[in-house]
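Here is the structure we will look at, set down as structure tokens.
Bear in mind that the values in this text are calculations on the coordinates, not laboratory data. Keep in mind the model is a prediction, meaning the values are calculated, not measured. Because the Cβ atoms are built from the backbone with ideal geometry, glycine has one as well, and the counts that use them run over all protein chains shown.
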Amino acid sequence: MTPAWRNCWTGSQGSPRPGDLCWRLSHVCLSSYPLWLTKHHPTPGVISFTLKLSGLIAATEDGFRMLQERSILDLAFNHQHWHEAGLWEDPCIRISWIQGLRSMLQHSKALSFFVQADFTLPLLQLQTDASLFVVSAANQMLAHILLFFQPTSPAGFNGVDKKHGDGKTTRASIADIEHSGIPMETSQDYTTVVTAILEYLKESLVPKENTGLHQSLQILKLLALLLAQARPSLRDKLLQTVAGSLEELATAGYSQLTLPLMDIILAAHSSSSTDGCVPDQRVTHLLSSMLKMDKPSDLIHAAAAFLRRGNQDTVHSAQAVRILLLPLHIITGQTLLGTNTAVEEHQFSVVEQLKTKTPCISMICVCLTNTPQITLTPPDVLPCPPVLIVTAVLSLLRICSGDSSSLSTGCAEVFRNVIGSGKVQKCALEALMGLSSSPGVKDKLTEVFTVLIQYLNNPDLDPTVLHKSYQALVKWMSVCKDLSLITHQLRQDLSEVVKKRVCDMRWEVRDSTVEFVGKLASVVSSAEEPCDAPEAFLGGCCSTPLLREALQDPESYVRASAISALAQTLAHSWQQGAALTQEQTDIVSRLLEILSQDTEGFARRAVVQYFITWFSSHSSHTSPSSSPSSSSSLLMNSVSSVLSLGSVDLDWEVKVHTLGAG
Amino acid sequence: MPEIKVTPLGAGQDVGRSCILVSIGGKNIMLDCGMHMGYNDDRRFPDFSYITQNGRLTDFLDCVIISHFHLDHCGALPYMSEMVGYDGPIYMTHPTKAICPILLEDFRKITVDKKGETNFFTSQMIKDCMKKVIPLNLHQTVQVDDELEIKAYYAGHVLGAAMVHIKVGSESVVYTGDYNMTPDRHLGAAWIDKCRPDILISESTYATTIRDSKRCRERDFLKKVHETIERGGKVLIPVFALGRAQELCILLETFWERMNLKAPIYFSTGLTEKANHYYKLFITWTNQKIRKTFVQRNMFEFKHIKAFDRSYADNPGPMVVFATPGMLHAGQSLQIFKKWAGNEKNMVIMPGYCVQGTIGHKILNGQRKLEMEGRATLDVKLQVEYMSFSAHADAKGIMQLIRMAEPRNMVLVHGEAVKMEFLKGKIEQEFSIDCYMPANGETITVTTNPSVPVDISLNLLKREMALGGPLPDPKKPRTMHGTLIMKENSLKLVSSEQALKELGLNEHQLRFTCRVQLQDPHSDPDTLHRIYTHLKSVLKGYTIQHLPDGTVMVESIVIKVSSSAEDTNTKVLLLSWSYQDEDLGSFLSTLLKKGLPSGLC
């Protein structure tokens, strides 16, 4: 039998408005709902839906009152009842219970209901639930209660608020805008909830044994949510409550908790300093102790977290930068931290850690990821010029590829851990890309080229590393602009390796190479002193024949990339209005062949795009008088063929592109 | 104790998007990265923020493994790698790597076209994602890093589907993906070593089904096709180029042969080329019969099934056509559908899932009037049938796999909770192992007993043998004594002498000394002699010497006598022994404290 309250939706025409829903509920459905809920043994899915719906309806005071009058809220959110019915074990019930309450808690009456029903404890218990989703929802809910109902005036916590001299409004939060003017009973309810939650946080933050780490982690996540939005009074109360426990956690050195703990400390540090006050001494002390941890792998993560937050604290920034650069300094032997490195407190333990492969790779990757950010720190924080960091990264790349010339300096025992490591190579290449914009590094272009060409020449190179090497080359060329720094020999070497790689066995390598040739053309055209023809950049190697060859590639991805690269390569000559060559005519006929015969949509789409690019550059840059008539007529003839072929293509995207061109 | 954790982000008590997170030996692995076909919003992809609140996905995950090309197993991969930002290794078999981008591209087109979504992965992203994929060969152990290794096993189900064995040290997990334990018409049956993993994570789509139901479906399919043909109608079967199409072709071919039917069966040319290309490339992944046939003739050189030409659609009389794509959203299948939709004698059979927004989805939901391009409407009068032919292991098959692999624990995913509950009971009863069925987001933790492999020196083994023990047997544990050397990630048990030699250390002697006071009114030499005589009588079988330097030695224990300065009758005995003779030394000191018997001379 379908209950009346369910029929009221299923029988409706179109989507009902919330007002309609409430009306129908109050007049038709709700009277049968409690009976149905208790007698008809609904499935967890249906209960889950009703919990969420009840919460949504109760989000307004009217809706809340209506449900309350019919005892629906007491019935639906009675978790004991679901326990006894054996349904609480189903995570979808638990999560819906939280979500329902979360939706409802938008007004003071809902808060009173929450407090009277004593839901704080079960909610806190759900913070250690077996389900990630339930835990996350419980954390969101706890944060919502504390933040949404926090008083706007500093009188909320029985005199614990700090007086702010200028009395100006502190950090704005959504709650500020949405909520003001809290009645007395709400304040009492809020104090009850806050007291219970803070008591719990204080008791449970430090794990009693190793198995309690999960709970500590969740509490730290909750604190992070709270500190991000809490007003000064709540924030101070929070910090006052948990400072001792945070200190205890910081000294206990639980690796799993390092990052979340650091997040809390940084949030506390920055929020207190943005209020125009001197940061709390305890928080500053905590921050210092986090940056002096014994375990190098935790320490480097803490330093990276510090740097990521963009904290302005010069003393700690300098310390974080030194911690982060130390592994690179040790491995490469570059004097990144000055000559007197013996003073580095952690040098010995870091060297020891670097001798083991897994922590070595992890630490060096953290270090590399942060190098671009490091070079942007103020000069008084930076222990060496950015150019030296680029040298170190290049040196590391050489070490990774087993280049014996780089193995003379640095720490030999660590080399074996990074030689051939794709992960370190990729991180280093990404760092190199990021470093291209650092101040004063442009002179390194030649050296960057040399190292990257060495990489491209390595026959055992992983395709993903090769792809990043190409990306790094393009990035450095586009940033440096002055391509005269690249010697003829280097261009020759690059051209040789490109010729070799475009015939690689692996399609991934061929595709990256073809893409590179296209991007190279774009970069060379936009350089300060562009070459006569972009392809002249590659010395003796002519890129167009390579790309023409790639049009025959068995892999459709490569064919499509070759077509796009050809468009990029020829764009320069189109814009210059260069005379038509036999090569161009051949390309056009091949492209029309692809459009009519290729089985893959990628390639056909690329052909249409090719002609769109040609057509637009032709019409915008070439006056009819200067354009050689043969080029124009070839283009016009081709465009008509493209339109007729593309408009009947079974691939809708080819068709759309064609119509766009038309 | 070490633990293995399993958390489904998808496929926990549902058949939505498979995405299972495994933490084993400090490594984090994502098994499958599927898309939920039932959602149009963010919920279609797994929520990766649950695992990356404090950093990049690449820093957290050691690798991603994709079991097969179905979108509920790989559909979120470009989103994860190119939009969320995962740059680590992705593993899948060669056929999956080849076919996966076709499905992803197909789905992207539908999403962008039919639903007009713009915030979706692009063709470029699919390509960039596929370039990061490392292909796997069957039964080849791949070292992800120094500690983590993976090995793929044949899973049946679809071309290229694999189960994967993940091992870190002595801990291991097997993930099945979707699999089929009985060979079908073109693929073989799943198979795995008796690898005794700590956990076997198995799909359970047909946890309560037994094999016959598939036969029934096939009979039903043939009956419906036959009836339509008999009444002069046309049958359209929209299919994806690879997957069940081959299976259905073989099924119809056999039926036509048996029934001596004359109506033509066609398949669209795109289908032939693509399918032949991939089956030729990956012929080793098909079953033995197909492999044999392939040597002699093309797999699609059927007697009754011929290549389709556009003009055939208008031919009068009955016919059966297999055409792509499978969801009737574009291409040849849609063109044929438009032509045949108006005739109630015709039939369209949808053998797979259809995404919302497609014609396939609309007609399966009973829509009989379709808005086509140019505001034209199409009346759907032909019969519409949905028949799923997906090849999953049934309850019997799942039990068979457990018997094959002999896991210590079982985790059920990719199934409905009620069905799982039934199977869980059966597994626990029959195999006496724990069986879990975590919901999405729920973590199950399994404690493992680590066995740490240690090398043992030949000398030590020979010495043990010389002591008369049984010959070493790997199946019978026994205690060995030696010195454990932990050096450069290897563990070696050697004799203490060898350990000293290898490590370049000197042997140190540890000696205990104690003083015992004794009342004995004799000279010191006499007292020493009396002690010698006493010990001789008490300690039979021990080497006791009275040495000329004024000491008595019992094994390594040295006894000296001196008189007290205050009282010459009070003797002070100095006992010293090495730590090897600790028991004897303690015994002697206790014995001598009791004094010497009066009758001694």
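So here's what we get for this one:
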quantity: Distance between region B:518-559 and region B:433-463 - C-alpha centres, whole angstrom; calculated: 55 Å
quantity: Environment charge at B:Val15 (Cβ cut-off 9 Å; Lys +1, Arg +1, Asp -1, Glu -1); calculated: -4
quantity: Amide hydrogen neighbours beyond the local backbone of B:Tyr436, cut-off 5 Å, H modeled; calculated: B:Met410, B:Val411, B:Leu412
quantity: Paramagnetic reach from B:Thr182 (point 7 Å along Cα→Cβ, amide N under 17 Å) across region B:393-434; calculated: B:393-402
quantity: Relative contact order (%) - criterion: Cα under 8 Å, at least six apart; region: chain B; calculated: 14 percent
quantity: Residues A:Thr191 and A:Ser71, FRET efficiency given R0 of 30 Å [Cβ-Cβ distance, rounded to 0.05]; calculated: 0.65
quantity: R0 of 60 Å, Cβ-Cβ distance B:Asp47-B:Arg375: FRET efficiency to nearest 0.05; calculated: 0.90
quantity: Modelled label reach - B:Asn489, point 7 Å along Cα→Cβ, region B:119-156 residues with backbone N closer than 13 Å; calculated: B:143-149
quantity: Positive-pole candidate from B:Leu382, B:Ser67, B:Thr52, dipole of chain B, charges at beta carbon; calculated: B:Leu382
quantity: Cα-centre dipole for region B:214-386 with unit charges at Cβ (Lys and Arg positive, Asp and Glu negative), debye to 20; calculated: 360 debye
quantity: Rounded FRET efficiency, nearest 0.05, which uses the C-beta distance separating A:Arg506 from A:Glu583 and R0 of 22 Å; calculated: 0.20
quantity: ³J(HN,Hα), Karplus 6.51/-1.76/1.60, whole Hz, each residue of region A:135-143, x for Gly, Pro; calculated: 4, 5, 5, 4, 4, 4, 5, 4, 5
quantity: Dipole magnitude (debye, nearest 20) for the protein assembly as shown, charges at Cβ of Lys, Arg, Asp, Glu; calculated: 3020 debye
quantity: Neighbour net charge for B:Glu147 - beta-carbon separation under 13 angstrom, K R +1, D E -1; calculated: -2
quantity: Chymotrypsin sites (Phe, Trp or Tyr not before Pro) restricted to region B:353-460 and DSSP loop, no more than 12 other C-beta within 10 Å; calculated: none
quantity: Dipole magnitude (debye, nearest 20) for region B:17-75, charges at Cβ of Lys, Arg, Asp, Glu; calculated: 40 debye
quantity: Placed amide H near B:Gln383: partners under 5 Å, 5+ positions off or other chain; calculated: B:Asn346, B:Met347, B:Val348
quantity: Tensor-based shape of region B:26-75 (alpha-carbon gyration tensor, a/c under 1.5 rounded, otherwise prolate or oblate); calculated: oblate
quantity: Cα centroid separation - region B:145-193 against region B:382-403, whole Å; calculated: 18 Å
quantity: Per-residue ³J(HN,Hα) for region A:323-338, Karplus 6.51 cos²θ - 1.76 cosθ + 1.60, θ = phi - 60°, Hz, x for Gly and Pro; calculated: 4, 5, 7, 4, x, 5, 4, 5, 5, 8, x, 6, 7, 6, 10, x
quantity: Residue pairs, from the table A:Lys426/A:Lys519; A:Lys295/B:Lys132; A:Lys357/A:Lys444, whose Cα atoms sit over 22 Å apart; calculated: A:Lys295/B:Lys132; A:Lys357/A:Lys444
quantity: Dipole-positive endmost among B:Leu539, B:Asn506, B:Leu518 within region B:504-557 (Cβ charges, Cα centre); calculated: B:Leu539
quantity: Inter-probe distance in nm under a simple model that places probes 7 Å from Cα toward Cβ, at B:Val572 and A:Asp380; calculated: 7.1 nm
quantity: Top positive-direction residue, dipole computed over the protein assembly as shown with Cβ charges, set B:Ile402, A:Gln125, A:Val523; calculated: B:Ile402
quantity: Cα gyration tensor shape for region B:118-249, rounded if a/c is under 1.5, else prolate or oblate; calculated: oblate
quantity: Those trypsin sites (Lys or Arg not before Pro) in region A:183-259 that DSSP places in a loop and that have at most 10 other beta carbons within 10 Å; calculated: A:Lys208
quantity: Amide H contacts under 5 Å for B:Ser170, placed H, 5+ residues apart; calculated: B:Ser451
quantity: Proxy reagent accessibility, fewest Cβ within 10 Å first, across A:Met104, B:Met35; calculated: A:Met104, B:Met35
quantity: Fewest-first ranking of B:Glu253, A:Glu515, using other Cβ atoms within 10 Å as the exposure measure; calculated: B:Glu253, A:Glu515
quantity: Charge context of B:Ile336, other residues only, Cβ under 14 angstrom, K/R +1, D/E -1; calculated: +2
quantity: Relative contact order computed over region B:120-189 (Cα-Cα under 8 Å; 6+ residues apart), in percent; calculated: 21 percent
quantity: Share, in percent, of DSSP beta bridges within the protein assembly as shown that are antiparallel, nearest 5; calculated: 60 percent
quantity: Region B:214-386 - percent relative contact order, Cα under 8 Å, separation 6 or more; calculated: 30 percent
quantity: Burial ordering of A:Val135, A:Val509, fewest other beta-carbon atoms within 10 Å first; calculated: A:Val509, A:Val135
